[in-house]
1. Using helices alone, what [θ] at 222 nm do you get for the chain, with -39,500 (n - 2.57) per DSSP H run of 4 or more residues, divided over all residues and rounded to the nearest 500?
2. Describe numerically, in nm with one decimal, the distance between label points set 7 Å from Cα along Cα→Cβ at residue 161 and at residue 470.
3. From Cα pairs below 8 angstrom and at least 6 apart in sequence, can you work out the relative contact order of the stretch 2-158, rounded to a whole percent?
4. For the stretch 283-334, just run the numbers: alpha carbon Rg, then divide by 2.2 N^0.38 Å, N being how many residues it has.
5. Under the rule a/c < 1.5 gives rounded, and otherwise a/b versus b/c splits prolate from oblate, where does the stretch 248-390 land using the Cα gyration tensor?
6. Using 10 Å bins from zero, what percent of all Cα-Cα pairs in the stretch 2-158 falls into each bin?
7. For the stretch 1-68, what percent of Cα pairs sit more than 14 Å apart?
8. How big is the antiparallel share of DSSP beta bridges in the chain, given as a percent to the nearest 5?
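A short reminder: the numbers here are calculations on the coordinates, not readings from a lab. The model shown is predicted, which means the values in this text are computed figures rather than measured ones. Cβ coordinates were reconstructed from backbone atoms using ideal geometry, including for glycine residues, and neighbour counts include every protein chain displayed.
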Ligand code: SAH
Ligand code: SF4
Ligand code: F3S
């Protein structure tokens with residue numbers, strides 16, 4: 001940690017001890033995260049800072065002393081979910097006025113939404129955006145100092161328009177001991193016409209590979225065996241860095257880090273996926289047999305309007321060549337139904353691609369109009385009933401395909417990284433295959449964080465039921 005950050009955290013810790021002494025108990029925090037893996041990783045930084053400052057984790061959002069919402073605004077339902085939570089927490093604060101409420105992340109970066117938070121939710125103490133999360137220790141200190149001195153609620157809002165800074169080394173509290181996300185780049189330059197992310201996450205910036213490797217070495221020393229390299233478009237990693245390193249070259253370096261047994265990454269934009277990447281994946285066992293390759297639409301006309309820079313045929317060729325060179329790979333995707341101007345024939349094209357590629361899984365989203373994006377002002381927004389009809393058609397094919405794919409390896413023994421005790425049945429543990437599918441099988445907490453062979457006794461379509469096994473065949 002930098003000296004200045006250390007100093008801020010020490011001051012914050014003093015303020016927290018003073019408040020704890022006044023209350024006669026430890027102060028607690030809760031981070032509620034919406035959205036993608038990037039946000040999940042950012043939340044680990046928020047937790048890390050709050051714990052360094054002396055707050056203890058609290059499971060229940062409603063009872064914590066410091067509640068922070070790390071928001072997402074990719075679709076309207078993400079906004080709605082957040083405002084639902086915020087409304088109920090503000091009601092709690094009316095009864096417990098010394099509670100601290102913070103809002104950060106992608107929605108907080110968006111001007112209109114921020115205005116709504118500031119005007120309609122006066123209980124909120126702190127608002128900041130995506131560009132100054134590294135400044136969180138200082139913001140915590142500001143909020144605490146005000147609490148200590150005046151006890152009055154005022155919003156402190158620090159939202160920066162953009163940044164070209166990448167700040168290393170703020171405290172992190174990982175959700176899992178044995179696996180971790182690692183940011184390799186921030187922001188996005190692709191401006192897909194429906195998407196708000198480039199506006200709220202700023203321009204694409206790659207982290208120097210030396211910093212990435214150093215972080216991964218530290219993680220490995222600390223017991224991490226699986227890393228997930230994170231970026232909105234990992235395939236363009238390295239653009240803008242002096243040494244012109246590619247994503248494939250970065251993967252080669254990461255694979256050499258001792259102790260790292262599994263490498264994942266998210267997300268791959270089809271337009272930038274290189275042959276070199278397929279080659280590295282095929283030849284490196286540590287790289288998991290999974291690629292998330294968002295298609296969005298199977299219609300070339302719609303893809304064009306979406307500004308995706310590939311055609312239906314190019315996508316199919318790419319996916320099939322990945323399958324050919326890495327036969328046991330799982331390919332998953334994202335699909336948007338109801339983009340402006342989308343016809344039933346366009347959706348037929350999407351279904352055609354789903355069948356030809358045989359996706360192992362897909363997230364199917366209903367198009368959500370995002371103010372400020374080019375698609376929001378396109379003519380021919382699709383009526384709700386038509387979207388619903390096409391959504392159901394797509395979902396049913398997606399489910400059929402993934403069920404068929406999952407059945408292919410039923411009965412086989414696969415290596416599984418055990419992630420935790422099963423939520424419904426505590427006699428089972430839940431783990432993940434290299435291809436990202438989940439399996440539930442009898443076991444206990446001693447297996448968590450270990451890679452063990454498991455026989456996939458029954459495919460349930462989206463997951464497996466299994467049992468411990470040590471043979472490589474069924
Ligand atoms: N950078 C990633 C995607 C990040 S957003 C990529 O390009 O692959 C995750 C997914 O949300 C997208 O793949 C897309 O399918 C979906 N999405 C983004 N904006 C959306 C919108 N306005 N309406 C519906 N779905 C959207
Ligand atoms: Fe959004 Fe496209 Fe960037 Fe993904 S690549 S974050 S969909 S603009
Ligand atoms: Fe959402 Fe922001 Fe991720 S808008 S999907 S949390 S980058």
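1. Values: 13 runs with 175 residues, N = 474.
After summing the helix terms and dividing by residue count, I get -12000 deg cm²/dmol.
2. 6.4
3. Numbers: 239 pairs, mean separation 37.7, N = 157.
It comes to 24 percent, rounded to a whole number.
4. Working: Rg = 12.5 Å, N = 52, 2.2 N^0.38 = 9.9 Å.
Dividing the Cα radius of gyration by 2.2 N^0.38 Å gives 1.27.
5. Numbers: a/c = 2.51, a/b = 2.07, b/c = 1.21.
Verdict is prolate for the stretch 248-390.
6. For the stretch 2-158, the binned pair fractions read 11, 44, 36, 8, 0 percent.
7. Working: 1406 of 2278 pairs.
Tail of the P(r) past 14 Å holds 62 percent of the pairs.
8. Values: 21 of 63 bridges.
Of all bridge pairs located within the chain, approximately 35 percent are antiparallel.
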